[in-house]
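No value in this document is a laboratory result; all are computed from the given coordinates. Remember, it's a predicted structure, so these values are computed and weren't measured experimentally. Don't worry about glycine lacking a Cβ; one is built from the backbone with ideal geometry, like all the others, and counts go over all protein chains shown.
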Amino acid sequence: MTVEGTIRKHRGLLWMFLPCLLYFVIFHYIPMFGIILAFKDYVIGEGFMGSRWVGWENFETLFGSSDFLRALRNTFVISTLRLGLGFFAPIILALLLNELRWSGFRRGIQIVTYIPYLLSWVILGGIFLLVFSIDGPVNRLMLLLFDTKVRFLTDDLWFISLLVFTHIWQSAGYGAVIYLAALAGISPTLYEAATIDGANRWQLVRFVTLPSLAPTIVVLLILNLGLILDAGFDQIFNMYNPIVYDVSDIIDTYVLRHLISLDIGLSTAAGVFKSVVGLVMVVASNYLARYLSGDEYGIW
């Protein structure tokens, strides 16, 4: 079939795809023109093209700043912890939900675990600041049971642990929905054949469920690796305080401070650096996934 024939055959689907295409063109590709600000000493009055070119000067300033290097370290540490501990939580939750036979109870658990994802971190941050404050309900319980209080919001280690735990709690339910959709696509005949061969429940999960989920797991892992320098601006901005800046100041909060001070070129340079690292991670992890799986798994 010719290209024209294919377009005519699928023109309904193409029209449905058009709003999505326009969204990405308008809000993602056209704004990429602003990347040139990373190589300019941007002055609002002189505009995009009128501002003076400075080449790599903004990047030299960026990597010569101890504040940025601290933010880079914190971003990498927090993102790695979120990815390492949080990536498997939705998988485990989806597997547990899939094993439940009472559909009403399963739907109830799904709703309860999914609701936090619908709440803004402005709301959740305020709740956690109250709950884990030095005089909050958690510390009152700690005082009652162990005669001690924990400085969740001002101790570096406890604050990072709180960030990671609350992120997992907030996002696990949404992630489980994706894996449950993949589980629904597994053919029941695979389970029937394995059961006839004598497989128990654990063996069904190990030899049927997990291999069937592997393509979805690999794709989501690749996409998450592309966000390795995205430590969760909304969460941290609404929960951190000056006492824990040394461990919680990330690239996004660093960029925000420089945007407020109208240092546009330096802020753009930091954003470009994040994007380049994300692109490299996605391409490299996709290549590695295809190499290790014999071109079976990957995004492209």
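Overview of results
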| read-out | value |
| --- | --- |
| Charge tally in the Cβ shell below 14 Å around Ala176, where Lys, Arg are +1 and Asp, Glu are -1, Ala176 excluded | +1 |
| Mean ellipticity per residue at 222 nm, deg cm²/dmol - from DSSP H runs of n ≥ 4 across the chain, formula -39500 (n - 2.57) | -22000 deg cm²/dmol |
| Rel. contact order, % - alpha carbon contacts under 8 angstrom, at least six apart, the chain | 27 |
| Spin-label pair Asp41/Phe237, simplified geometry with 7 Å Cα→Cβ offset, distance in nm | 2.9 |
| Neighbour-count order for Met281, Met239, fewest beta carbons within 10 angstrom listed first | Met281, Met239 |
| Ranking of Lys274, Lys149 by count of other Cβ atoms within 10 Å, fewest first | Lys149, Lys274 |
| Amide H contacts under 5 Å for Lys40, placed H, 5+ residues apart | Val54 |
| Neighbour-count ranking [beta-carbon atoms within 10 angstrom, fewest first] of Val3, Val208 | Val3, Val208 |
| Inter-label distance, nm, simple model (7 Å from Cα along the C-beta direction), Arg8/Arg257 | 6.3 |
| Hz values of 3J(HN,Hα) by residue in the stretch 176-191 - Karplus curve (6.51, -1.76, 1.60), Gly and Pro given as x | 5, 4, 5, 6, 5, 5, 5, 5, 5, x, 6, 5, x, 5, 5, 5 |
| Which label in (i) 38; (ii) 62; (iii) 41 gives the computed percent of Cα pairs over 26 Å apart | (ii) |
| Whole-Hz couplings from phi, Karplus 6.51/-1.76/1.60, listed for the stretch 127-136; x for Gly and Pro | 5, 5, 5, 6, 5, 9, 5, 5, 10, x |
| Rounded to whole Hz, the Karplus (6.51, -1.76, 1.60) HN-Hα couplings of the stretch 147-152, x for glycine and proline | 6, 8, 10, 10, 8, 4 |
| Set of lysines near Lys40 by C-alpha distance (under 23 Å), chain-local residues within fewer than 8 positions excluded | Lys274 |
| Debye log10 I(q)/I(0) for the stretch 1-155, one point scatterer per Cα, at q = 0.09, 0.11, 0.12, 0.15 Å⁻¹ | -0.74, -1.00, -1.08, -1.17 |
| Nearest-0.05 FRET efficiency for Leu141 and Val77, computed from C-beta distance (R0 30 Å) | 0.55 |
| Choice from Ser171, Ser212, Ser267 with maximal GNM fluctuation in the chain (Cα, 10 Å cutoff) | Ser212 |
| Ser275-Tyr23 pseudo-label distance in nm [points 7 Å out on the Cα-to-Cβ vector] | 2.0 |
| Efficiency of FRET from Cβ geometry, Glu99 and Glu192, R₀ 22 Å, rounded to 0.05 | 0.85 |
